[in-house]
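A.B. asks: Can you keep this structure in mind? I'll have questions shortly.
The values are calculated or read from the model by the stated rules, or taken from the named source; none is laboratory data. The structure presented is a predicted model; accordingly, all values stated were derived computationally and were not measured. Glycine gets a Cβ as well: all are built from the backbone with ideal geometry, and neighbour counts include every protein chain shown. The accessibility values were calculated without ligands, DNA or RNA, using every heavy atom of the protein model including side chains. Shrake-Rupley method; radii C 1.70, N 1.55, O 1.52, S 1.80 Å.
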Amino acid sequence: MKIAITGATGFIGTKLVEKLAKDNQIIILTRHVDKAKSLFSPAIYSNLEFINYTPKQEGNWQNKIDGCDAVINLAGAPIAERWSDSYKQEILDSRQLGTRIIVDAIAKSNQKPQVLINASAIGFYGTSETETYTEISPAGEDFLAQVCQAWEGEADKVTEIGIRLVILRFGIVLGNGGALAKMIPPFKIFAGGPIGGGKQWFSWIHRDDVVEMIIQSLKDNNIHGTFNATAPYPVTMNKLCKTLGSILKRPSWLPVPSFALELLLGDGAKVVLEGQKVLPQKTTELMNYNFLYPNLESALKQIITTEF
C-alpha cells in the first residue's frame, strides 16, 4: 500500500512506521524533515518519502495525498503541558484545523485514498471515578471533551465523499516513552507512588496493541466507525503503581500530591488526576481485535524487560 502518515515521529508514529515500512510505501508528512530522517535512516528505510508540511496551513504537500491508498492522521500538540490560553488554542487547532486540511486534501485528490484512520482520545468522555464508558457513551463537557468532539467532527466529513473512516480513541499509551518513562525513574530511586488520590481510573493500552489495531484497520475494509483503543482491563492509579513497583522490585509508598502535578502542568494535570474507566466494547465485538497485552502486568513486564 501507499500510505501517508502525519505524526510519524511521535510516540505511536515511530513504532507504526517501523512496522509498516517493511511492506509498504510510506509518505511521512512532517514539520521536521531532518528529525524524521534521523529517526528513519533512508539507508535502512528505502520505502519512505519525507515531505515538509505545515499541519494548519494548505500547501503543495496536500498533493501527496493524491494516489495514496490510505491516510493515517496522528498529529496533535502534546496534552501533558501547562495549559495557558494560547496553548489550549494550539491543542484545539492542531487537531481540528489540522484534520480539516487533511480531509480537504483527500477531497481534492483525483485518486482518493480508500480509508482515513484518525486519532482521537478517551478525553472525549470527560472524567469520572464512578462511571464506565464505552463507544456509545455520550461526550463529556470539559475542555478535552470539546476538543475531541471538534477533532472527530472534522474527520467525519470524509465520509461525505465516500471514504471509509476509522476513529481510534486512544487511552494512555504504555511503552518506552510517554507517561511510563516519567513514572519509572522515581521508582528506581525508591520514591515511586500513586499520583493524586490513587482511586482515579487509568485506562491504558500497550503501544504494540495500538500499532496492530491501526494495521488491522488498514487491511480490513469492513472496519469503520469509532473504537476505543484501550485495553479491556483498566486499573486504578493505585493498582498501576503497585503493579509497577512489584515488577521493578521497588515499593510504591510515596504518593505524588495533586498540587505538585498541578504546579507543573496546570490544567493539563487533569488527564492524570481525574481519569476515566473506558472499555473497548466495539473494539472487541465489532473490530474483533485480539489484544496482545490485555492485562497490565503482562504489558508492564514486556515493556520493562525489553524496552527500558
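A.B. asks: Once you sort the root eigenvalues of the Cα gyration tensor of the chain as a ≥ b ≥ c, which label holds: rounded (a/c under 1.5), prolate (a/b larger than b/c) or oblate (the other case)?
C.D. replies: Here the chain falls in the prolate category.
A.B. asks: Please identify the GluC sites (Glu not before Pro) of segment 75-146 that satisfy two criteria: DSSP loop assignment and at most 12 other Cβ atoms within 10 Å. Which are they?
C.D. replies: When the GluC sites (Glu not before Pro) of segment 75-146 are filtered for loop state and at most 12 Cβ neighbours within 10 Å, E141 remain.
A.B. asks: If a/c stays under 1.5 just call it rounded; otherwise compare a/b with b/c (prolate if a/b is bigger, oblate if not). Do that for segment 217-278, with a ≥ b ≥ c from the square roots of the Cα gyration tensor eigenvalues.
C.D. replies: oblate
A.B. asks: Would you work out if segment 15-62 is rounded, prolate or oblate? Take a ≥ b ≥ c from the square roots of the eigenvalues of the alpha-carbon gyration tensor; rounded if a/c is under 1.5, else prolate when a/b is larger than b/c, oblate otherwise.
C.D. replies: Here segment 15-62 falls in the prolate category.
A.B. asks: Where in segment 15-63 are there GluC sites (Glu not before Pro) that are in a DSSP coil and have at most 13 other Cβ atoms within 10 angstrom of their Cβ?
C.D. replies: Working: sites: E18, E49, E58; in loops: E58.
When the GluC sites (Glu not before Pro) of segment 15-63 are filtered for loop state and at most 13 Cβ neighbours within 10 Å, E58 remain.
A.B. asks: Could you give me the ³J(HN,Hα) list for segment 77-94, computed from phi with Karplus coefficients 6.51, -1.76, 1.60 and θ = phi - 60°, whole Hz, x at Gly and Pro?
C.D. replies: My calculation for segment 77-94 gives 5, x, 8, 7, 9, 6, 8, 6, 4, 5, 6, 4, 5, 5, 4, 5, 5, 5 Hz in order.
A.B. asks: Between segment 103-124 and segment 1-77, what is the separation of their alpha carbon centroids in Å?
C.D. replies: Going from one Cα centre to the other spans 14 Å.
A.B. asks: Towards the positive end of the charge dipole of segment 125-220, with charges on Cβ (+1 Lys, Arg; -1 Asp, Glu), say which of I161, P185, I215 has the farthest Cα.
C.D. replies: Value computed over the given set: P185.
A.B. asks: Further, regarding this structure: Considering amide H positions built from the backbone, and no H for Pro or chain starts, which residues 5 or more places from E49, or on another chain, come under 5 Å of its amide H?
C.D. replies: Under 5 Å from the amide H of E49: I26, I27, I28.
A.B. asks: Right, next: For the chain, what is the charge dipole size about the Cα centre, in debye to the nearest 20, if Lys and Arg each add +1 at the Cβ and Asp and Glu each add -1 at the Cβ?
C.D. replies: 820 debye
A.B. asks: Of the accessible area of the chain, with the probe set at 1.4 angstrom, what percent is carbon plus sulfur?
C.D. replies: Answer for the chain is 50 percent, counting heavy atoms of protein chains only.
A.B. asks: Please list, in order along segment 155-172, the HN-Hα scalar couplings obtained from phi with the Karplus expression 6.51 cos²θ - 1.76 cosθ + 1.60 (θ = phi - 60°), rounded to whole Hz, x for Gly and Pro.
C.D. replies: In residue order, the calculated couplings are 5, 4, 5, 5, 5, 5, 10, x, 8, 5, 10, 10, 10, 10, 8, 6, x, 7 Hz.
A.B. asks: Could you work out how far helix 11-20 tilts from the main Cα principal axis of the chain, as a 0 to 90 degree angle to the nearest 10?
C.D. replies: 50 degrees
A.B. asks: If r is the Cβ-Cβ distance from A181 to R31 and R0 is 22 Å, what FRET efficiency results, to the nearest 0.05?
C.D. replies: Calculated value: 0.45.
A.B. asks: GNM on the chain, C-alpha springs below 10 Å: top fluctuator among G162, G126, G76?
C.D. replies: G162
A.B. asks: Could you pull out the GluC sites (Glu not before Pro) across segment 244-308 that fall in loop regions by DSSP (anything but H, G, I, E, B) with no more than 16 other Cβ atoms inside 10 Å?
C.D. replies: Within segment 244-308, the qualifying GluC sites (Glu not before Pro) (loop, at most 16 other Cβ atoms within 10 Å) are E307.
A.B. asks: Can I ask one more? ³J(HN,Hα) across segment 143-154 via Karplus (A = 6.51, B = -1.76, C = 1.60, θ = phi - 60°), whole Hz, x for Gly/Pro?
C.D. replies: For segment 143-154, the Karplus-derived couplings read 4, 5, 4, 5, 4, 5, 5, 5, 4, 5, x, 5 Hz, x marking Gly and Pro.
A.B. asks: Taking amide hydrogens as modeled 1.01 Å from N in the peptide plane, which residues meet the under 5 Å criterion relative to A121, leaving out close sequence neighbours?
C.D. replies: Amide H neighbours of A121, under 5 Å, 5+ apart: F170.
A.B. asks: Solvent-accessible area per residue for the chain at a 1.4 Å probe radius, Å²? Write out the running numbers ahead of the final one.
C.D. replies: Working: 13900 Å² over 308 residues.
Solvent-accessible surface per residue comes out at 45 Å².
A.B. asks: Exposed loop trypsin sites (Lys or Arg not before Pro) only (DSSP loop, at most 16 other Cβ atoms within 10 Å): please give the longest stretch of the chain free of them, not including the sites.
C.D. replies: 83-198
A.B. asks: S252's amide H: which non-local residues (gap 5+, or another chain) put their own amide H closer than 5 Å, with H modeled 1.01 Å from N in plane and none for Pro or chain starts?
C.D. replies: Those lying under 5 Å, H to H, from S252: there are none.
A.B. asks: Comparing Q276, Q149, Q57, which has the greatest mean-square fluctuation in the GNM of the chain with Cα pairs linked when under 10 Å apart?
C.D. replies: Of Q276, Q149, Q57, the Gaussian network model singles out Q57 as fluctuating most.
A.B. asks: Determine, from the Cβ-Cβ distance of E262 and E141 and an R0 of 22 Å, the FRET efficiency 1/(1 + (r/R0)^6), rounded to the nearest 0.05.
C.D. replies: Here the calculated transfer efficiency is 0.60.
A.B. asks: OK, next. Identify which of I72, I51, I205 has the largest mean-square fluctuation in a Gaussian network model of the chain, with springs joining Cα atoms closer than 10 Å.
C.D. replies: Per the Cα network of the chain with a 10 Å cutoff, I51 tops the list.
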